[in-house]
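Single-structure report; data block below.
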Amino acid sequence: MDINIARAVEIIQSANNIIALTGAGISTESGIPDFRSAGGLWQKYNPSEYATIQAFYASPEKVWRMLFDMVDLTRTAKPNPGHLALAELERMERLQCIITQNIDNLHQEAGSRNVIEYHGNVSRLECLGCGRLFDDAAFNMADVIASKKPPRCTGCRAILKPTVVFFGEMIPHEAMVRSQEAAQEADAVMVVGTSAVVYPAAGIPLIAKQNNAVLIEFNVETTDLTRFATDVFIQGLAGTTLPELVRQLKSS
Ligand code: NAD
């Protein structure tokens, strides 16, 4: 790990435009399981039954059974040292932006400012009936979870949906465009805690690579990206490896 972190430090020192792509793995140390972990949401809820937009239209009450658990998990989670290290890299003017697949708001809570939410954010709610948007602070989510009654639009009374991207939904247009531009302009990409199998997000490092960017991957285990595209693989918990990278950058 140390040799690879030293290589990553050299790359980051010489690069002009560094971006990060993060996935569920950066938040596991905040207590939010990733897709594949034992105890993760998808062991309890079949995604094709609970995470498609068609399922939400057909039975929002049923999908909210899964959403109550998702909201409950993310509502109390706090940023961990991995999130804080990326925020510090931005403050050091080494990181241009974070493209995150996570919907948990933890990068922003850690202090990162330039965050592109590729799959939305669980703390914003939308009405599919009349289009109104709500911050979840408008509802007492602890009470909502306890009551098991999904929040409703204050206008048309339809059941609200968190602005997370369900299977079958489009990636938010602005996030898609900004991410593509960031990938094309980057000369190094830090890929953190993602299995890199969910497209189009998984294509972002590949767009950068086609434009000659260097890929530095942080994961507890290898992925398809490691085998086919990664230049430097840093194995370990992101909550350990990212702070160590920042420490070495500061002392070099
Ligand atoms: P994933 O579950 O497919 O993969 C997670 C990856 O992170 C794995 O490769 C795993 O080895 C790695 N990992 C786990 N813990 C780690 C740690 N502490 N340090 C470093 N690596 C670690 O997740 P994904 O690639 O993000 O894609 C799946 C989808 O899951 C995304 O669309 C995302 O929106 C959604 N999701 C989000 C959250 C969240 O917001 N926190 C949680 C679960 C799933």
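The values are calculated or read from the model by the stated rules, or taken from the named source; none is laboratory data. Just so we're clear, the structure is a prediction, and the values are computed from it rather than from any experiment. Using ideal geometry, Cβ is built from the backbone for each residue, glycine included, and neighbour counts are taken over all protein chains shown. All accessible areas refer to the heavy atoms of the entire protein, side chains included, with ligands and DNA or RNA removed. Shrake-Rupley method; radii C 1.70, N 1.55, O 1.52, S 1.80 Å.
For the options Glu185, Glu49, Glu88, a Gaussian network treatment of the chain with springs between C-alpha atoms closer than 10 Å singles out Glu49 as fluctuating the most.
So for region 87-154, considering every pair of alpha-carbon atoms, how many percent are separated by more than 21 Å? Working shown, then result.
Values: 926 of 2278 pairs.
In whole percent, the share of Cα-Cα pairs in region 87-154 beyond 21 Å is 41.
Taking the C-alpha atoms only, the angle from helix 2-14 to the longest principal axis of the chain is near 90 degrees. In the chain, the C-alpha radius of gyration followed by the widest Cα-Cα span (Dmax) gives 18.5, 58 angstrom. Between Ala6 and Tyr199, the simple label model (points 7 Å from Cα in the Cβ direction) yields a spacing of 3.9 nm.
Past 18 Å, Cα to Cα: identify those pairs from Lys44/Lys149; Lys62/Lys149; Lys62/Lys148, in the order given. List each step's numbers first, then the result.
Working: Lys44/Lys149 20 Å; Lys62/Lys149 11 Å; Lys62/Lys148 11 Å.
Table pairs above 18 Å Cα-Cα are Lys44/Lys149.
Taking the accessible area of the chain, probe 1.4 Å, and keeping the other protein chains in place, the carbon and sulfur fraction comes to 50%. At q = 0.09, 0.15, 0.21 Å⁻¹, what log₁₀ I(q)/I(0) does region 1-134 have when each alpha carbon counts as one equal point scatterer in the Debye sum? Summing over Cα pairs of region 1-134 leads to -0.34, -0.82, -1.29.
The angle separating the long axis of helix 173-185 from the principal Cα axis of greatest extent in the chain is about 0 degrees. Highest GNM mean-square fluctuation among Met70, Met92, Met176, for the chain modelled with Cα contacts below 10 Å: Met92.
Rounded to the nearest 20 Debye, what is the dipole magnitude of region 91-236 about its Cα centre when Lys and Arg each give +1 and Asp and Glu each give -1 at the C-beta? Spell out each step's value before the answer.
On the way: 13 positive and 17 negative charges, 118 e Å.
It comes to approximately 560 debye.
Length gained on full extension, Thr240 to Arg227, computed as 0.36 nm times the residue gap minus the Cα-Cα distance: 2.4 nm.
Hey, got the dipole for the chain? About the Cα centre, +1 on K and R Cβ, -1 on D and E Cβ, debye to the nearest 20? Each step should come with its number before you reach the end.
Numbers: 22 positive and 28 negative charges, 142 e Å.
That gives a dipole near 680 debye.
Once every DSSP H run of n ≥ 4 in the chain is given -39500 (n - 2.57) and the sum is divided by its residues, what mean residue ellipticity at 222 nm do you get, rounded to the nearest 500 deg cm²/dmol? Numbers along the way, then the final one.
On the way: 12 runs with 105 residues, N = 252.
One gets -11500 deg cm²/dmol as the mean residue ellipticity at 222 nm.
Using a Cα-Cα cut-off of under 30 Å, which lysines could be cross-linked to Lys209, ignoring same-chain neighbours fewer than 8 residues away? Correct list for Lys209: Lys250. Phi angles across region 200-208 convert, under the Karplus curve 6.51 cos²θ - 1.76 cosθ + 1.60 with θ = phi - 60°, into 3J(HN,Hα) values of x, 4, 5, x, 4, x, 6, 4, 4 Hz, Gly and Pro given as x. Counting only protein heavy atoms and a 1.4 Å probe, the chain has 47 square angstrom of accessible area per residue. Each label was represented as a point 7 Å from its Cα along the Cα-to-Cβ direction; for Asn114 and Asn46 these points are 4.4 nm apart. Using C-alpha pairs under 8 Å with a sequence gap of at least 6, the mean separation divided by the residue count of the chain gives a relative contact order of 26 percent. Relative to the longest principal axis of the Cα atoms of the chain, the long axis of helix 60-75 makes an angle of roughly 40 degrees.
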